[in-house]
Structure formats: C-alpha cells, structure tokens
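Peer 1: Have a look at this one.
The values are calculated or read from the model by the stated rules, or taken from the named source; none is laboratory data. A quick note: this is a predicted structure, and the numbers were derived from the prediction, not measured. Don't worry about glycine lacking a Cβ; one is built from the backbone with ideal geometry, like all the others, and counts go over all protein chains shown. Accessible surface is based on the protein model in full, side chains and every heavy atom, while ligands, DNA and RNA are left aside. Shrake-Rupley method; radii C 1.70, N 1.55, O 1.52, S 1.80 Å.
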Amino acid sequence: MQVQKIGSRGILFNLPSQPFSVQIYCINSPNYLFIIDTGVVLENQMEDVKQYLVENEFFTKPVAIINTHQHHDHMGGNHLIDAETIIGHSMFPERLKQTIELLVNYEAYKLEIENFAPPTQTFDEKLVFDEEGVELFYSPGHTEDSISIYDKIDKILIVGDTLVHPLPSINWYDLDRFIETLETYKKIDFEKLILGHEKVLEGTEFIDETIEYIKKFKALEVDFTGFTDVHALMYRWGLVNLAKNLKRAGKEEEAKRYLLKAKTDIENPIIKPKDEREYNGLIEEIEKGLKD
Ligand SMILES: [Zn+2]
C-alpha cells in the first residue's frame, strides 16, 4: 500500500490489485473525515487503510463514507469502517441488486455479499457540505449511478471510474450522457483528478482523449493502433458489457450491433484474450446475447 498526502487535507491510498490498482481517497475536513470508496474487501485492503487511519489518529471526528458507484471494488469495505453515514446516488440500491446477481455465481464473493453495507443517505443531483467545502454531484457514464466529489479547498476532483486509464470502462448504454459528464468535468476548476484506479492526473487532455474514444466506440470505429493488452481488455469487455446493458434496457437491435462487432473483433490478434478461459467466457456471453 502506498500513502500520499495531497493538497492541504487529502490522503490517497493506492492499493495493489489486478488488472488495476485501487485508490481510496480521504478528505480530512473540519467536521468530517470523508472516505471515498472502500476498496476490494477480498484482498483485505480496507483493513490496511483503517489501520493507517487509526495509527495516525484520523478517527477523531465523524466519518462519512462516499461510494462513487455500486461496483464492489468501490464499496466492498464499507462495513469495516464505523461510519456515521454512507453516501451514494439514489439509484445505487437498485443497481447494487444487479451487481449481486452477477457476483452470487462466484463462491469467492459469498462472504463479501453478505457483508455489503449500502448507503444510508442518497441524493439525486447534488449534495453540498458547505462548511467542509465538499460537493458531491451526479456524474453518470461509467454506470448510471456514478457520482463525483469536488474538494473546493484543494481543487481536487475525485471521479471514481468515470475516467479509467488508459481507456474508459464502458458498461452503461447512454454514451452521450457519459460524454456530457466528461464535458462537465472540463468546466470545473481542478488541479488534480483522482481516478478510482491507478492514476492521479492533471489538466483536461485525458478527458478529451476519453471523449474521443467514446465517440469512436459508439460508431464502432475504434482504431487499434498502439493497443496494449490493457487497451484490448477494456475494449472487448466494453462491447460485451454495453450489449448486456442495452439488452437489459430492451434495446435489442443496438445490443446486437455491439455483439456482432465483439464476435468479429475478438478473433483479431490484437483484441483476442491470451487467456483461454477468458476467451471461452467471452464467446459464451456473445453467443448467449445473440441467441435470446
Ligand atoms: Zn466501476
């Protein structure tokens, strides 16, 4: 685990995980300790964060956990922290049900699911902690229930998985709304962007790159030049996950478009997974999606 002080009151925890490291960000404001996302509980990462916060005496004020969205690698450790409130978007509980539907198929996640602690406080568009200089706002794109956090004092924008490096993680069908969210980010006066995985970035260049990629992705015109294994991973699962989400929303024809593209592209050596199990899993998902 790496710990980095950011600005006047931020603490960034970077925790090793695969394929991306996990980042947990704390804002030590006058009246609250905000803990943004709670990591992968399977790897006991939140325990390390908690220990650091205990040893450095950060638990002297009420704790507010903020979950950027309901994916388990962002909220799996909620129950380990004694928090006064757990905050998420109003769509979080409903979307969490879908995540659980997927996870119950894996024995390894059984205990984690039993311990899930969903938000105790939700909001639709905005939630402002005036005295603390902290603003939470709705920022759908990566998922429909995604939120972002802006620390006004340090000018830090915490984006969860709305930005993923090197390529966006596409799961939700409304790609135009995703782009809208990214355009909103560009209007915010931030010095640093804290991503949910791997990176701390500055400037708007990566936001523009992400917008361009999403536009190309939507048009099924992504250029694979310079693709690494991680690019290929994000791309092939983007196609399949988006198709699944479209089907769930009853958009069969659009789903088919992405599934057929996935079927072709996973035979391309640049996109094809090296792992046989992943390859077979993808084929299964694609065939199942095209059949029903
Ligand atoms: Zn996510």
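Peer 1: Can you tell me which residue among Q51, Q18, Q45 is surrounded by fewer than 13 Cβ atoms within 10 Å (Cβ to Cβ), of a type in the set (S, T, N, Q) and under 30 Å from A232 (Cα atoms)?
Peer 2: Q18
Peer 1: Evaluate the following for L157: is it part of a strand (DSSP E or B) and over 13 Å from F34 (Cα atoms)?
Peer 2: Here the answer is yes, as L157 does meet what is asked.
Peer 1: Search the stretch 191-206 for residues being surrounded by 20 or more Cβ atoms within 10 Å (Cβ to Cβ), in contact (Cβ under 8 Å) with a residue 40 or more places away in the chain and among the aliphatic types (A, V, I, L, M), and hand back the single one that is farthest from the ligand (Cβ to nearest atom).
Peer 2: Checked the stretch 191-206; the qualifying residue farthest from the ligand (Cβ to nearest atom) is I194.
Peer 1: Residues to consider are H79, H72; find the one that is within 15 Å of the ligand (Cβ to nearest atom) and either surrounded by 14 or more Cβ atoms within 10 Å (Cβ to Cβ) or more than 15 Å from S148 (Cβ to Cβ) (or both).
Peer 2: Only one candidate passes the filter, namely H72.
For (1) within 16 Å of the ligand (Cβ to nearest atom); (2) within 22 Å of D73 (Cβ to Cβ); (3) of a type outside the set (S, T, Y); (4) not assigned by TED's automatic domain parsing to the domain that holds F224, each residue gets a yes or a no:
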{"position": "G141", "(1), (2), (3), (4)": "yes, yes, yes, yes"}
{"position": "T162", "(1), (2), (3), (4)": "yes, yes, no, yes"}
{"position": "P168", "(1), (2), (3), (4)": "yes, yes, yes, yes"}
{"position": "E180", "(1), (2), (3), (4)": "no, no, yes, yes"}
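Peer 1: From the list D223, D229, D292, pick out the single residue that is modelled with pLDDT under 95 and open to solvent by 40 Å² or more (accessible area, probe 1.4 Å).
Peer 2: Working: D223 fails: modelled with pLDDT under 95; D229 fails: modelled with pLDDT under 95.
When all the criteria are applied, what remains is D292.
Peer 1: Need the failing condition index for E209 against (1) in a loop (DSSP other than H, G, I, E, B); (2) open to solvent by 60 Å² or more (accessible area, probe 1.4 Å), just the number.
Peer 2: (1)
Peer 1: Considering only residues that are within 27 Å of F20 (Cα to Cα) and in contact (Cβ under 8 Å) with a residue 40 or more places away in the chain, look in the stretch 249-271 and name the one that is surrounded by the fewest Cβ atoms within 10 Å (Cβ to Cβ).
Peer 2: N268
Peer 1: When you check I271 against the structure, is it assigned to a helix (DSSP H, G or I) and under 24 Å from the mean Cα position of the chain (by Cα), yes or no? Can you show your working first?
Peer 2: Details: assigned to a helix (DSSP H, G or I): no; under 24 Å from the mean Cα position of the chain (by Cα): yes.
So I271 does not fit the description; no.
Peer 1: I113 - would you say it is touching a strand residue (DSSP E or B) at 6+ places or on another chain (Cβ under 9 Å) and of a type outside the set (K, R)?
Peer 2: no
Peer 1: E135 versus (1) open to solvent by less than 10 Å² (accessible area, probe 1.4 Å); (2) away from the ligand (no atom under 14 Å from the Cβ); (3) touching a strand residue (DSSP E or B) at 6+ places or on another chain (Cβ under 7 Å): which is the lone unmet condition?
Peer 2: It fails just one condition, (1).
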